[in-house]
Amino acid sequence: EIAQNSFPWSVIDNPTVSKRPVKPRVKRNLFLGIILSLSGSLVAVFLRNRLDNVFQDPTEISKNLKLPILTYIPFLKNICKSQNNILNEIEKDENEEKNSNYSEEKFLFEESFRELYTSIRFLSNDSNMKSICITSSIGEEGKSIISLKLAETLVSYNQKVLIVDANMRYPTIHSMIKRDNLIGFSNLLSDDS
């Protein structure tokens, strides 16, 4: 009556009780939870694969770009310390190395450059190839090391090689071959004569 005097209210409908009482169904809820989580994860994996724009292996690149892969250059896990030491580590004698796994990696690494040279030779069978450009979409993907190792391979097959480090911001080839960088490609471009 006090509440009725303060805020007038009235009963609209009498409360009813369901004839079937509600109780937790553990087995059914657990089964539905498992089915929904599995189907949800499958849908998430499917969407991830459809929306993923990263190549996971070299055959995907060849399939999507419809271009041949010249070679696959393996990543050397044992010597990825710093860029300036990589060439020194690659050039070490096998007598100094105790790790047979490293020797196998080194052999595969060097063999991939011989395979690259052979692929380039077969591609340019009709004409003499005068220049090769090695580039990438982002920095520190190994352009300089690949350039130097490919040049070394070409020299071993009695080819004449001139390497031009056209990276104006962060040139690294001069430090890898232990040369100064006082006069370089930018001087050649800016020279009027």
- Query: DSSP loop trypsin sites (Lys or Arg not before Pro) in segment 1-54 with at most 10 other Cβ atoms within 10 Å of their Cβ, which ones?
  - Reply: K19, R25
- Using Cα centres only, tell me the gap between segment 143-161 and segment 2-78 in whole Å. 52 Å
- Message: Let me check something: with ligands and nucleic acids excluded, how do T16, T172 order by accessible area (1.4 Å probe), largest to smallest?
- Response: T16, T172
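The values are calculated or read from the model by the stated rules, or taken from the named source; none is laboratory data. As the structure is a prediction and not an experimental result, all values here were calculated from the model. Here Cβ is always computed from backbone atoms with ideal geometry, including for glycine, and neighbour counts include all displayed protein chains. Calculation scope for accessible area: heavy atoms of the full protein, side chains included, ligands and nucleic acids excluded. Shrake-Rupley method; radii C 1.70, N 1.55, O 1.52, S 1.80 Å.
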